[in-house]
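The values are calculated or read from the model by the stated rules, or taken from the named source; none is laboratory data. All values derive from a computational prediction rather than experimental measurement. For neighbour counting, all protein chains shown are included, and Cβ atoms are generated from backbone atoms with ideal geometry for every residue, glycine included. Protein only, heavy atoms only, side chains kept; ligands, DNA and RNA dropped before computing areas. Shrake-Rupley method; radii C 1.70, N 1.55, O 1.52, S 1.80 Å.
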Amino acid sequence: MTIKVSILNTSSETQGCLSALIRSTPGLQLVPAVLTHLSPPVHHLGGIPHVIVVEPDQRDAMPYPLLTRIRAFSPNVRILVLDRLFSARSVQLAVTAGAHGVISI
């Protein structure tokens, strides 16, 4: 089985590293996902992802509305948050918003 992974809201450096890692790992496939603020996730080539990786923008505390929207429109998708702050509060907020896991980067 192939696990389809989408990467959202990441820095270009993180995007490049994660893309290379996913492409070089057997069983993982990188698929694009495009989100707009008014509609459910729109998935293009490759189909619906199994996992979405999200990195908070350093100007914002966390993309909580984004996580909540993903959970509402794609309840079966697993969400993994890459968090530079990794405080107890940021982890609690991410999980409350719908993340399945938080990794400190």
Just name the residue that is most open to solvent (accessible area, probe 1.4 Å) out of those in region 65-105 that are under 19 Å from Q15 (Cβ atoms) and either more than 13 Å from the chain's Cα centre (by Cα) or at pLDDT below 85 (or both). R84
Condition check: open to solvent by 50 Å² or more (accessible area, probe 1.4 Å), modelled with pLDDT under 85 and part of a helix (DSSP H, G or I). Does R59 satisfy that? no
So, first residue farther than 9 Å from Y64 by Cα in region 94-105, second residue among the basic types (K, R), Cβ within less than 7 Å, six or more apart or across chains; the pairs are H100/R78; I105/R84
Failed item, numbered, when S24 is tested on (1) loosely packed, with under 12 Cβ neighbours inside 10 Å; (2) at pLDDT 85 or above; (3) within 22 Å of A94 (Cα to Cα); (4) of a type in the set (S, T, Y): (3)
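Considering only residues of region 32-56 that are modelled with pLDDT of 75 or more, in a loop (DSSP other than H, G, I, E, B) and out of contact with any helix residue (DSSP H, G or I) (no Cβ under 8 Å at 6 or more places or on another chain), which is nearest to Q15 (Cα to Cα)?
Filtering first and then ranking leaves P32.
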